[in-house]
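Before any comments, here is the structure.
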Amino acid sequence: MTLATPIATASQTIGPYWHLLPYKGWNDLTRFGATGDVITITGRIVDGAGDPVTDACVELWQPSPAADAHFDGFGRCASDAEGRFSFTTLRPGPVAGVHGAAGNVQQAPHVAITIMARGLMKALATRIYFEGDAGHDIDPVLNLIEDPARRATLIAKATGPAAYHLDMVLQGAGETVFFAI
Amino acid sequence: MSDLTPYRPLVGGTQPPYDAGIYGSTKLRAPKQALVQVPTSITEATGPQFSESRYPSVIDLTKVNGGEAQGQRIVVEGRVLDENGRPVPHTMIEIWQANSTGRYHHPGDQHDAPLDPYFQGAGRVFTDSEGRYRYTSIKPGAYPWRNHHNAWRPNHIHYSLFGPGFGTRVITQMYFEGDPLLKLDPIFHSIPDEAARNRLIADFDIDLTVPEWALGYRFDIVLRGRDATPFEDGNDHSHEGH
């Protein structure tokens, strides 16, 4: 199978049995000894009927703080019987903006989230921002979303000095903003 | 400074939609709102990097605790490339699959078929400097599911790849040449473009076949690429292609 003009391989659902992949403990991004400003991020995922999504693979990627020998910026969590997920990680800082004219505007602190599950033919990409951080009003990605109510679906509530929570809705009222990359 | 060249737009019809109605589980899970196109920033351009020292390889799924898995032994080899045809070196591939009877070693799988204590249901392999990978397994069995009356999934191996950036993450399934269930499978047929569907079918390869040992299958994977030349005019191209 030699491809003269390669086209990206088609996505297929992760299905209900992905938990065979080893992942236990992967939702703690300090698992390789990272120290610093540790935060927890919790959330809950529901479907278009408001029922919990109990078989999702939720992944977190953050480019800040930069990866090093003790921190690879990646976590994976299985949603539980109530659709909940949680991550322990280092608090991200602002990062460089987007290419071009808007490039001087930094992006507010955020983490990137990938949701994969039975019934999702492709991964869903979204972001989590954090209540109380500066720069949401000028963030070049948040500002792509005109409706303030939709923008708010990306901003986790502070539930403690170092704890944040965000509910995610795959479909329907309050639907989370998902991104095309 | 990261290379913020945009990802090349996906080719129409070569990816499944979220609302693939023939696959029932999409009905309450596919978003209704349009996706918001984001420009390629450091968040999308970069991604997790995995090393074999932290995420050890498991390249032979046929041996567990000194026992050998039942079923047709296979070797699967292929390359991981990007859309510019360049190999993706040293990237992690995760695989998982049903055993030879069509049963996953997973508490959620209640299919009445025997488990195989000597089959390792998941593996992990890294590409070499030329993007090549290879692992040994057994041919997975077909299994019934409840999407519609008398629904059976074709033989398949699940693949998970990360590639160089957040935007290259992909989950897919590898199918087998000649499987009669393919023409009936809603998940396979959720991909509109026939050629794109057929690229998920591994080719039997007599040259990869190991005499007296295992059948050989070849399966290449293409990750999303970015345009070869970065924009340098200082203008914001991030909203193009809507």
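Read-outs throughout are calculated quantities, based only on the coordinates presented, and are distinct from any laboratory measurement. What you see is a predicted model, and the numbers here were worked out from it, not measured in a lab. Every residue, glycine as well, gets a Cβ built from its backbone with ideal geometry; the counts of neighbours run over all protein chains shown.
Please report, in Å, the Rg and the Dmax of chain A, where both are computed over Cα atoms only.
Rg then Dmax for chain A, in Å: 16.9, 54.
Over chain B, what number does the Rg to Rh ratio reach, with both radii from the alpha-carbon atoms and Rh per Kirkwood? It would help to have the intermediate numbers written out before the result.
Details: Rg = 19.5 Å, Rh = 19.7 Å.
Answer for chain B: 0.99.
Using the Cα centre of region A:31-70 as the reference point, and only Cβ charges (+1 on K/R, -1 on D/E), how large is the resulting charge dipole? Debye, rounded to the nearest 20. Walk me through the numbers on the way to the answer.
Numbers: 2 positive and 6 negative charges, 28 e Å.
Result for region A:31-70 is approximately 140 debye, rounded to the nearest 20.
Averaged over peptide A:113-121, how many Cβ atoms belonging to another chain are found within 10 Å of each residue's Cβ? Don't skip to the end; give the middle numbers.
Numbers: counts 1, 5, 1, 3, 2, 5, 10, 10, 15.
That works out to 6 on average.
How many Cβ atoms of partner chains, on average, are near each residue of B:20-29 if near means within 10 Å of its Cβ? All intermediate terms of the calculation are to be shown ahead of the outcome.
Working: counts 5, 0, 0, 5, 1, 10, 6, 5, 11, 16.
Rounded to a whole number, the mean comes out at 6.
Want the number for residue A:175 to residue A:149: 0.36 nm per residue separation, take away the alpha-carbon distance, what's left?
Working: separation 26, 0.36 × 26 = 9.36 nm, distance 0.99 nm.
In short, 8.4 nm is gained.
Averaging over all projection directions, find the projected area of the Cα convex hull of region B:68-128 and quote it in nm² with one decimal place. Kindly include the intermediate steps, with their values, before the conclusion.
Details: hull surface 22.0 nm².
Approximately 5.5 nm², given one-decimal rounding.
With a cut-off of 12 Å, note down the residues of region B:78-96 whose backbone N falls inside the zone around a label point 7 Å from the Cα of residue B:63 toward its beta carbon.
Within reach of a label on residue B:63: no residues.
Nearest 5 percent is fine: what portion of the DSSP beta bridges confined to region B:24-223 is antiparallel? Intermediate results must be reported in sequence, preceding the final value.
Working: 33 of 43 bridges.
Rounded to the nearest five, the antiparallel share is 75 percent.
Which net charge results for the neighbourhood of residue A:82, defined as the other residues with beta-carbon distances under 14 angstrom from its beta-carbon, given Lys and Arg at +1 and Asp and Glu at -1?
On the way: positive: A:44, A:84; negative: A:47, A:51, A:55, A:80, A:167.
With Lys, Arg at +1 and Asp, Glu at -1, the neighbours total -3.
Counting pairs of alpha carbon atoms under 8 Å apart in space and at least six apart in sequence, what relative contact order in percent does chain A give? Mind showing how you got there, number by number?
Working: 376 pairs, mean separation 44.1, N = 181.
Taking the mean separation of contacting Cα pairs over the length of chain A, I get 24 percent.
Apply the Karplus parameterisation 6.51 cos²θ - 1.76 cosθ + 1.60, with θ equal to phi minus 60°, to every residue of region B:14-21 and state each ³J(HN,Hα) to the nearest whole Hz, in sequence, with x for glycine and proline.
Residue by residue, region B:14-21 yields 8, 10, x, x, 5, 8, 7, x Hz.
With bins 5 Å wide starting at 0, give me the P(r) of region A:1-96 over every alpha carbon pair, in whole percents.
Going from the shortest bin to the longest, the percentages are 3, 11, 19, 18, 14, 13, 12, 6, 4, 1.
Name the long-range amide H neighbours of residue B:216: under 5 Å, sequence gap of 5 or more, or other chain; modelled H, no Pro or chain starts.
B:75, B:205, B:209, B:210
On the Cα set of region B:18-150, report Rg and Dmax in Å, please.
Cα radius of gyration and Dmax of region B:18-150 are 18.8, 52 Å respectively.
Which is farthest toward the positive dipole end of region A:39-87 among A:75, A:49, A:65, measuring Cα position about the Cα centre, with Cβ charges +1 (Lys, Arg) and -1 (Asp, Glu)?
Toward the positive end, the furthest listed residue is A:65.
Please report Rg over Rh for region B:1-84, where both radii come from the alpha carbon positions and Rh follows the Kirkwood definition. Walk me through the numbers before you get to the answer.
On the way: Rg = 20.0 Å, Rh = 18.4 Å.
Rounded to two decimals, Rg/Rh equals 1.08.
Within 10 Å of each Cβ in peptide A:52-65, how many partner chain Cβ atoms are there on average? Round it to a whole number, please. Show your work: numbers first, answer last.
Details: counts 0, 2, 1, 2, 1, 2, 0, 5, 1, 9, 4, 11, 2, 0.
Per residue, the number of nearby Cβ atoms from other chains is 3 on average.
Kirkwood Rh, Cα Rg: Rg to Rh for the protein assembly as shown? Let's see the in-between values first.
On the way: Rg = 21.1 Å, Rh = 22.2 Å.
Radius of gyration over Kirkwood radius for the protein assembly as shown works out to 0.95.
So how do B:42-48, B:214-220 stack up, highest first, on mean other-Cβ count within 10 Å? Intermediate values should be presented prior to the final figure.
Numbers: B:42-48: 23.1, B:214-220: 19.7.
So the order, starting with the most tightly packed, is B:42-48, B:214-220.
Along the charge dipole of chain B, Cβ charges K/R +1 and D/E -1, which of B:87, B:165, B:154 sits furthest on the positive end?
The one lying farthest along the dipole's positive direction is B:154.
Once the dipole of chain B is set up with Lys and Arg at +1 and Asp and Glu at -1 on Cβ about the Cα centre, which of B:65, B:176, B:9 lies farthest towards its positive end?
Positive-most Cα among the choices belongs to B:65.
Could you let me know the centre-to-centre spacing of region A:118-181 and region A:11-74, using Cα atoms, in angstrom?
That distance is 16 Å.
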